1. Looking at region 1-112, what helices (runs of 4 or more DSSP H) fall wholly within it and have at least 2 residues that are in contact with a Pro (Cβ under 6 Å, 6 or more places away or on another chain) and of a type in the set (A, V, I, L, M)?
2. List every residue pair whose Cβ atoms lie under 7 Å apart, where the two residues are 6 or more positions apart in sequence or sit on different chains, the first residue falls within region 96-121 and is closer than 29 Å to K12 by Cα, and the second residue, located anywhere, is small (G, A, S) and modelled with pLDDT under 95.
3. Name the residues in region 108-160 that are among the polar types (S, T, N, Q) and touching a Leu at 6+ places or on another chain (Cβ under 9 Å), would you?
4. Look through I90, I36, I52 and report the one residue that is touching a residue at least 60 places away in the same chain (Cβ under 8 Å) and either under 17 Å from S8 (Cβ atoms) or crowded, with 17+ Cβ neighbours inside 10 Å (or both).
5. Just need a number here: residues in region 175-197 that are outside any helix (DSSP H, G or I) and touching a Phe, Trp or Tyr at 6+ places or on another chain (Cβ under 6 Å).
6. Tally up the residues in region 68-81 that are touching a Leu at 6+ places or on another chain (Cβ under 9 Å) and open to solvent by 10 Å² or more (accessible area, probe 1.4 Å), please.
7. Tell me whether region 130-138 contains one or more residues that are crowded, with 21+ Cβ neighbours inside 10 Å and farther than 20 Å from E28 by Cα.
8. Any idea which residue in region 109-129 is least open to solvent (accessible area, probe 1.4 Å), counting only those that are β-branched (V, I, T) and over 13 Å from N197 (Cα atoms)?
Amino acid sequence: MKFSVLMSIYHKENPIWFDRAMQSIWDEQTVKPDEIVLVQDGPLTDGLHKAIDEWKAKIGEVFKTVPLEKNVGLGEALNAGIKHYSYELIARMDTDDICMPDRFEKQIRFFKDNDVDIIGSYSIEIDEDGNRGNLRKMPLNHQDIYNNLFTCPLIHPTVMFKKSIIEKVSGYDKTLNRRQDYDLWFRCAKVGAKFANIDEPLLLYRFTNDTHKKQNFKAMLS
């Protein structure tokens, strides 16, 4: 099964973390993506442009960039990226996280073996220096995930989904500044999407002070 990776990057992100994320997506994977689409959400720093250009030179046409003239936010940027995809399966990834080497292999196998539209996994938190912390567990089967949608029981950068189900609900809500994934899962559930989580960590999930601000309860309710 061919698949794509969907990412978005903006000017405040760290070129070193982006490079490490790309290594984990490409160099270290047991099953490499057939396509990587990176949305450049507005003007970027010279350091980010340099890192992006190096990856373009390294992996060629597999790596596609979608430049946006201005910063539009994560939801609208991801929607712009989805329009450029060639394959039905899309893996989300953030540019500061690190994939486990068998992430894509295990997610592809899960799609082959199960009737599912959206799958995630556990993750392990890492700090700014890459030190490992808490294991984040999530509900596993569809019914438990569905019953707990209010808790956002999918870790966004671990998710692989079918492009068709996301298009069916018109993608991410571009009017939201935060928790775009939280809103998306509710709308997918409304049209009958089937969910699952794999019961092992397939991502090192980078947590900084800014991440914790985005994860707080008030932001979720908003």
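The values are calculated or read from the model by the stated rules, or taken from the named source; none is laboratory data. Here the structure is a predicted model, which is why all the values come from computation and not from measurement. Ideal geometry is used to build each Cβ from the backbone, glycine not excepted, and the neighbour counts take in all protein chains shown. Areas reflect the complete protein model, heavy atoms only, side chains present, ligands, DNA and RNA absent. Shrake-Rupley method; radii C 1.70, N 1.55, O 1.52, S 1.80 Å.
1. Answer list for region 1-112: 46-59.
2. Going by the 7 Å Cβ cut-off, there are no qualifying pairs.
3. S121, S123, T158, listed by residue number.
4. The unique qualifying residue is I90.
5. 0
6. Selection size over region 68-81: 4.
7. Yes, region 130-138 contains a residue that is crowded, with 21+ Cβ neighbours inside 10 Å and farther than 20 Å from E28 by Cα.
8. I126
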